[in-house]
Structures are given as structure tokens and as C-alpha cells.
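Student: Right, I'll just put the structure down here and ask away after.
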Amino acid sequence: MEDKVNSAIPSAPTPKPLPGDGVIVDEAGQAIITLLGKAAQTTKESCTQAMNVAHRLSVQMRAAEERTRKAEADAAHYRDRAIRAEAWIIRISEEVERVFFQKQQPTSQRDHPKPGGAEK
């Protein structure tokens, strides 16, 4: 079967070495090694730059998180103060209603002061 394959497909001629082929191969190999070195250096610089940016962003994120915690604590503080202030306003309003706008007592009770106390 091999004989049929070999006879059906003509084999390509083997190239003859040209003078200086070894020099061209050496130069190409050296150029590839130089390019690989440059690519490695560029990659290393890019990685260093990316690490520096990541570190800077990490520091900024920690600072932003701290500001957020402070803002949340301030918001809770002022929310508590607002709740206490609202409770005082309700209490004062009720006291004003009681003192100034209470229903008038019948005449017989107004004319007779309570025992042991002065009139208001």
C-alpha cells in the first residue's frame, strides 16, 4: 500500500542548503529571543502598573467605606434626635392644649377654689 501512496504522490524536492542559511536562522532565532524579552519586560511593567492601580483603588475604597460608616452613624444619631424632638413637640402640644384650650368647667366649680390650693 505504501508503494501506491508513494507512486501516486510525487515527493517534494528536498531543498538544497543555501550558503548563509545558518546565519539567517541564527539571526531569526536571536530576533525572536529579543522580542520575547521585550514582551516579558512590557508584561512585567504592565503587571506592576496594574498592581499599583489596584493598591491605590483599594486604599480609596477603604476610605470611602469609612466615610460611609461615619455617615451612617451620623444619620442614626440625627434620626434619634429627630425622634426625641418629635416626642417633645407632641408632649408640649398636649400640654398647651391642656393648659390653654381645656373645656371650661361649670360656673359652680370655677367660683369655688379647690381646698388647700391657690387658684391658677
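Student: With Kirkwood's inverse mean 1/r over C-alpha pairs for Rh, give me the Rg to Rh ratio of the range 22-82, two decimals please.
Tutor: Values: Rg = 26.2 Å, Rh = 16.1 Å.
A ratio of 1.63.
Student: Give me the distance in nm between label points sitting 7 Å out from Cα along the Cα-to-Cβ direction at I32 and Q60, one decimal.
Tutor: If labels sit at I32 and Q60, their model points lie 4.3 nm apart.
Student: For labels at R79 and T48 in the simple 7 Å Cα→Cβ model, what's the distance in nm?
Tutor: The two pseudo-label positions are separated by 4.8 nm.
Just so you know, all these numbers are worked out from the coordinates, no wet-lab data involved. Because the structure is a prediction, the values reported are computed rather than measured. When we count neighbours, we look across all protein chains shown, and the Cβ atoms used for this are built from the backbone with ideal geometry, even at glycine.
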